[in-house]
C-alpha cells in the first residue's frame, strides 16, 4: 500500500539558513510522482516542486530542490536561504501510475517556522 | 486566470441538514478530487474522478457523495452531515495524461457541523 511519512511535526530555523524537510515513501509501483506543497496560515495549498520516479536528476525550482534518493525511498525538500515568508506547513505527496489519474496520498505535514 | 473555485468558503450547519459544496475548474482538467484536512492527519482523499461520469472512492468516502456530470464541475454532497465531518475541505484538479502531474487546489471550504 502507498504510504508517505513526514517525521518532523515542527521545525525552527534561523532566517537565511538552509533547511531540509524529510519525506519517505513506500510504493510497489515503479511509476510514481512525488510532490511538495506549501500551506501558509491563510490556508491555500501552493505547489512547490515535482519529482518523477524516472527522472535522472533532482528537481529544482528557484530556492527549492528535491533530494531524491530512490533506493532509500526518500524525497526530502531543501529550501536554501530561508526567508520569513517560508514559515508554513509543508506537505509531501505521492501519486502512483503513469498516464493515469490515480489516488494521491499526503503526509501529515511539517510546520516550519523561520526565526528572524 | 486558471483556477479552481469552491463555494461556500465557510459554512456552519447542523447535524442532518443536507449540504453541497461546489467545485469548478476552468483548465479542462480530466482529474478532479476532494480532500479533507484535519489537524495532525494531513490531507485525506475522499473521492476522485478521472473524467465525466467516472468517480471512485478515496481513503475516507463514508458519509460523502460526489457526481461528475460535467467536466468542469465536481460537487461534494453531504446528505446527513455529522459533527465528525467538521473539517477543512479542498477540491483539486489536474491533467491526467503523461507523467503524474501536479494538482491545482481550490481555496478550501471550512465546514462546521453542530
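Being within 12 Å of chain B (Cβ to nearest Cβ), modelled with pLDDT under 95, in a loop (DSSP other than H, G, I, E, B) and within 24 Å of residue B:92 (Cβ to Cβ) is a description that applies to residue A:100. Take residue A:82 and decide whether it is under 23 Å from residue B:39 (Cα atoms), in a loop (DSSP other than H, G, I, E, B) and either free of Cβ contacts under 8 Å to residues at least 60 places away in the same chain or more than 10 Å from every other protein chain (Cβ to nearest Cβ) (or both). It is false that residue A:82 is under 23 Å from residue B:39 (Cα atoms), in a loop (DSSP other than H, G, I, E, B) and either free of Cβ contacts under 8 Å to residues at least 60 places away in the same chain or more than 10 Å from every other protein chain (Cβ to nearest Cβ) (or both). Checked against the criterion of being more than 10 Å from chain A (Cβ to nearest Cβ), farther than 27 Å from residue A:90 by Cα and either without any contact (Cβ under 8 Å) to a residue 12 or more places away in the chain or part of a strand (DSSP E or B) (or both), the candidates B:46, B:77 yield just one match: B:77. Among the conditions (1) free of Cβ contacts under 8 Å to residues at least 40 places away in the same chain; (2) within 12 Å of chain A (Cβ to nearest Cβ); (3) within 13 Å of the chain's Cα centre (by Cα), residue B:64 misses just one, which is (2). Across region B:78-105, what is the number of residues that are under 19 Å from residue B:37 (Cβ atoms) and at pLDDT 95 or above? Within region B:78-105, residues that are under 19 Å from residue B:37 (Cβ atoms) and at pLDDT 95 or above number 12. Scanning region B:29-43 for residues that are within 7 Å of chain A (Cβ to nearest Cβ), closer than 18 Å to residue A:3 by Cα and buried (at least 17 other Cβ atoms within 10 Å of the Cβ) yields B:42, B:43. Considering region A:32-46, and only residues there that are part of a loop (DSSP other than H, G, I, E, B) and facing another protein chain (nearest Cβ under 8 Å), the residue that is nearest to residue A:64 (Cα to Cα) turns out to be A:45.
Residues that are under 13 Å from the mean Cα position of the chain (by Cα) and away from chain B (no Cβ under 14 Å) were ranked within region A:47-62; the one that is surrounded by the most Cβ atoms within 10 Å (Cβ to Cβ) is A:58.
The values are calculated or read from the model by the stated rules, or taken from the named source; none is laboratory data. Since this is a predicted model, take the numbers as computed values, not measurements. As a convention, Cβ positions derive from the backbone with ideal geometry for all residues, glycine included, and neighbour counts pool all protein chains shown.
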